[in-house]
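Novice: Shown below is the structure under consideration.
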Amino acid sequence: MGTIKQVIEGNYCIGCGVCPFLDTNLSISFNENGEYQAVQSVDSVTSPADMICPFANSSLNEDTLGKELFSKQNGIRHNDEIGYYLKTYVGYAISDGFRDRGSSGGMVSWIIAQLFTKNKIDAVIHVKESPEQGLMYSYQVSHSIEEMETGAKSKYYPIQLSNVLDYVKNHDERFAIVGIPCFIKAVRQLEAIDNTIASRIRYHIGLVCGHLKSTFFALSEAWEAGIPPQDVTLVDFRYKLPGHAASDYAIKAEGVVSGKETEVVVPTRDLSTTNWGYGYFKYNACEYCDDVLAETADITCGDAWLPGYDKDSSGTNVVVVRTQEMLDLITSGANEVHLEEVPAKLVAQSQRSGLRHRREGLAYRLYLKDRKNGWRPTKRVQASNHIPYLRKKVYEDRMELTEQSFVAFREALKSPKGMKRFNEIMQPIVRKYQRVDNPIHRRLLRKMKSVAKKMHKKLTK
Ligand SMILES: Cc1cc2nc3c(=O)[nH]c(=O)nc-3n(C[C@H](O)[C@H](O)[C@H](O)COP(=O)(O)OP(=O)(O)OC[C@H]3O[C@@H](n4cnc5c(N)ncnc54)[C@H](O)[C@@H]3O)c2cc1C
Ligand code: SF4
Ligand code: SF4
């Protein structure tokens, strides 16, 4: 097992904000890259919170936690990519505009609404706008369906749990929590040693996770859309474009331009920082994570990035159900949701590139770390150098893209050229990456296949 000191010093902290709950020597603040990070006020080798840090405690990993939580559920199965599951679905909410307001199919907000309606919770802990704290978004507590609905959609923005955990400690209420995989894992680890938190947080709703972004992501998007970083107030990261594929969405940036309140909608395809494969402004911790499908959550929802479903701009979820209570909850709403049961492997397929990056890619990154002999988190994935040469280059170049994106954005903030300066710095690295991610032999092969297909069509007419 590692320590929080090692996590902080190695840059493996995701800034979840759970450790200050157990150790007043720890607090959470922004670093120069716009990421939340834990900070020790007094240097200390160990901390009472070492047990609950998702990157320090390797004994309570997603497999051991998942086994403890779900293995006794009748009919439970396990899959190495999605964890434990009772049933897997694709679907969306039909009723009350949840789908229109949501990022994907609106299932997460609909599930929370069901928990309120069936009187199973008094409040939900999730992420909402937070202008009074000078932030775009933060974790907050909503006590009704109406309050909860204003917090729909994915926030690719730093968030942390310390304030809401204090709220849970001081309020004898029944909660559901929504979170990305490492946050749900940290809460589960805390629940393993804190009975009050365990008895109050009744439901854990996971979001599939590619990676988390620093504040630079929102600022860069808004800047390219025409609102300078100092004047932007809000970015909606998932603005649906009717009639387009679900993956072809836009952002809506709000702020002040020339003294006027302004709103701008720009498709993400027209912005240079939105290619998730480049990993711009990604927390380093995400490179050492192997949980894509929130394996310790009672239910997990993500985007159905799958042929056939992706075409619908309204958005469709993938859903992994891990408890009978959640299964009963979602199947009891027959007229309110559209659900198709699908094989677990189809859900994994919807996250193919994220899973590859955190299986094969993680194995290689762990190998690279081990060569340097430093401490690193213990993962379920084993370090390995036995992967194809070009894939190694892909993972090396992705690390460079991430690291340099922070440097380039800080440069852009100082430069009169703004985002142009950012792109000047990034373009050579992007080109190098594209050459290995999409090499010439693969492009030629694709071209030959398409020519052969066209000729075959002509000849058989
Ligand atoms: C950082 C991040 C990365 C993601 N990566 C992927 C991915 O790679 N592949 C994929 O399929 N899906 C990913 N998702 C999940 C996806 O974007 C949707 O959130 C999910 O499909 C649920 O959509 P919905 O319409 O059902 O949710 P909605 O009905 O829109 O409800 C979303 C709920 O999540 C809460 N929420 C929003 N952001 C956060 C946050 N950062 N932390 C905790 N709670 C939050 C909201 O407050 C709201 O309650 C990611 C989400 C996040 C936040
Ligand atoms: S990952 Fe979370 S628990 Fe671990 S050091 Fe960072 S803030 Fe604390
Ligand atoms: S990729 Fe992993 S570490 Fe990063 S935010 Fe998502 S769940 Fe957390």
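The values are calculated or read from the model by the stated rules, or taken from the named source; none is laboratory data. What you see is a predicted model, and the numbers here were worked out from it, not measured in a lab. Cβ: placed from backbone, ideal geometry, glycine included. Neighbour counts: every protein chain shown. In case anyone asks, the SASA skips ligands and DNA or RNA and just uses the protein heavy atoms, side chains included. Shrake-Rupley method; radii C 1.70, N 1.55, O 1.52, S 1.80 Å.
Novice: Output the number of residues of segment 116-170 satisfying the condition of being of a type outside the set (S, T, N, Q), more than 16 Å from ligand 3 (Cβ to nearest atom) and closer than 23 Å to Phe217 by Cα.
Specialist: Of the residues in segment 116-170, 10 are of a type outside the set (S, T, N, Q), more than 16 Å from ligand 3 (Cβ to nearest atom) and closer than 23 Å to Phe217 by Cα.
Novice: Identify, please: which residue in segment 152-206 is assigned to a helix (DSSP H, G or I) and of a type in the set (Val, Ile, Thr) and is, among those, nearest to Tyr288 (Cα to Cα)? Talk me through it step by step, then tell me what you get.
Specialist: From segment 152-206, those assigned to a helix (DSSP H, G or I) are 162-170, 181-191, 195-200; that's our starting set.
Going one step further and asking which of them are of a type in the set (Val, Ile, Thr), we end up with 164, 168, 184, 187, 196-197.
Numbers: Val164: 26, Val168: 29, Ile184: 16, Val187: 19, Thr196: 30, Ile197: 27 Å.
Among those residues, the one meeting the criterion is Ile184.
Conditions (1) more than 16 Å from ligand 3 (Cβ to nearest atom); (2) assigned by TED's automatic domain parsing to the domain that holds Lys128; (3) in a strand (DSSP E or B), marked per residue:
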{"position": "Ile8", "(1), (2), (3)": "no, no, no"}
{"position": "Ile28", "(1), (2), (3)": "no, no, yes"}
{"position": "Pro48", "(1), (2), (3)": "yes, no, no"}
{"position": "Gln73", "(1), (2), (3)": "yes, yes, no"}
{"position": "Tyr92", "(1), (2), (3)": "yes, yes, yes"}
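Novice: Something else about it: Any residue at all in segment 285-292 that's modelled with pLDDT under 95 and open to solvent by less than 30 Å² (accessible area, probe 1.4 Å)? Talk me through it step by step, then tell me what you get.
Specialist: Residues of segment 285-292 modelled with pLDDT under 95: none.
No.
Novice: Hey, can you tell me all the residues within segment 342-356 that are surrounded by 18 or more Cβ atoms within 10 Å (Cβ to Cβ) and hydrophobic (A, V, I, L, M, F, W, C)? Give the derivation first.
Specialist: Pass one, segment 342-356, residues surrounded by 18 or more Cβ atoms within 10 Å (Cβ to Cβ): 342, 344, 347-348, 350-351, 354-355.
Within segment 342-356, Val342, Ala344, Val347, Ala348, Leu355 meet the criteria.
Novice: Still on this structure: Assuming Asn33 fulfils every condition listed in (1) away from ligand 1 (no atom under 13 Å from the Cβ); (2) at pLDDT below 95; (3) polar (S, T, N, Q) apart from one, which condition is it?
Specialist: (2)
Novice: Which of the numbered conditions does Thr460 fail, given that it passes all the others? Conditions: (1) among the polar types (S, T, N, Q); (2) modelled with pLDDT of 95 or more; (3) more than 18 Å from Asn275 (Cα to Cα).
Specialist: Single failed check for Thr460: (2).
Novice: Under the condition of being within 20 Å of Ala294 (Cβ to Cβ) and of a type in the set (S, T, N, Q), which residue from segment 30-79 is least open to solvent (accessible area, probe 1.4 Å)?
Specialist: Per the stated criteria, the residue is Asn57.
Novice: Of all residues being open to solvent by less than 60 Å² (accessible area, probe 1.4 Å) and part of a helix (DSSP H, G or I) in segment 371-395, which is nearest to Val430 (Cα to Cα)? Just the residue, please.
Specialist: Of segment 371-395, the ones open to solvent by less than 60 Å² (accessible area, probe 1.4 Å) are 374, 376-377, 379-381, 383-385, 387, 390-395.
Narrowing further to those that are part of a helix (DSSP H, G or I): 390-395.
Numbers: Leu390: 15, Arg391: 16, Lys392: 16, Lys393: 13, Val394: 11, Tyr395: 13 Å.
For segment 371-395, the residue satisfying everything is Val394.
Novice: With respect to Phe116, determine if the residue is part of a helix (DSSP H, G or I), within 13 Å of ligand 1 (Cβ to nearest atom) and in contact (Cβ under 8 Å) with a residue 60 or more places away in the chain. Give the steps one after another, and end with the answer.
Specialist: On the way: part of a helix (DSSP H, G or I): yes; within 13 Å of ligand 1 (Cβ to nearest atom): yes; in contact (Cβ under 8 Å) with a residue 60 or more places away in the chain: no.
For Phe116, the condition - part of a helix (DSSP H, G or I), within 13 Å of ligand 1 (Cβ to nearest atom) and in contact (Cβ under 8 Å) with a residue 60 or more places away in the chain - is not met.
Novice: Would you mind telling me which numbered condition in (1) open to solvent by 50 Å² or more (accessible area, probe 1.4 Å); (2) β-branched (Val, Ile, Thr); (3) in contact with a Phe, Trp or Tyr (Cβ under 6 Å, 6 or more places away or on another chain) Thr331 fails?
Specialist: That leaves (3) as the condition not met.
Novice: Considering only segment 119-143, state which residues are farther than 22 Å from Ser199 by Cβ and not in a strand (DSSP E or B).
Specialist: As a first pass, look at segment 119-143 and keep what is farther than 22 Å from Ser199 by Cβ: 127-138.
The answer is Ser130, Pro131, Glu132, Gln133, Gly134, Leu135, Met136.
Novice: Residue check, Val208 against (1) assigned by TED's automatic domain parsing to the domain that holds Val319; (2) open to solvent by 20 Å² or more (accessible area, probe 1.4 Å); (3) more than 12 Å from ligand 1 (Cβ to nearest atom), all met but one. Which one?
Specialist: (3)
Novice: Within segment 267-284, how many residues are polar (S, T, N, Q), away from ligand 2 (no atom under 16 Å from the Cβ) and open to solvent by 30 Å² or more (accessible area, probe 1.4 Å)?
Specialist: Kept after step one, since they are polar (S, T, N, Q), are these residues of segment 267-284: 268, 272-275, 284.
Remaining after also requiring away from ligand 2 (no atom under 16 Å from the Cβ): 268, 272-275.
Then drop every residue that is not open to solvent by 30 Å² or more (accessible area, probe 1.4 Å), which leaves 272, 275.
Here the count works out to 2.
Novice: In addition: Hey, can you tell me all the residues within segment 306-350 that are at pLDDT below 95, among the hydrophobic types (A, V, I, L, M, F, W, C) and within 23 Å of the chain's Cα centre (by Cα)?
Specialist: Selection gives Leu306 alone.
Novice: Note down all Cβ pairs under 7 Å where the first residue falls in segment 47-65 and is within 16 Å of ligand 1 (Cβ to nearest atom), the second is part of a helix (DSSP H, G or I), and they're at least six residues apart or on different chains.
Specialist: Pro54/Cys182; Pro54/Lys185; Pro54/Ala186; Pro54/Gln189
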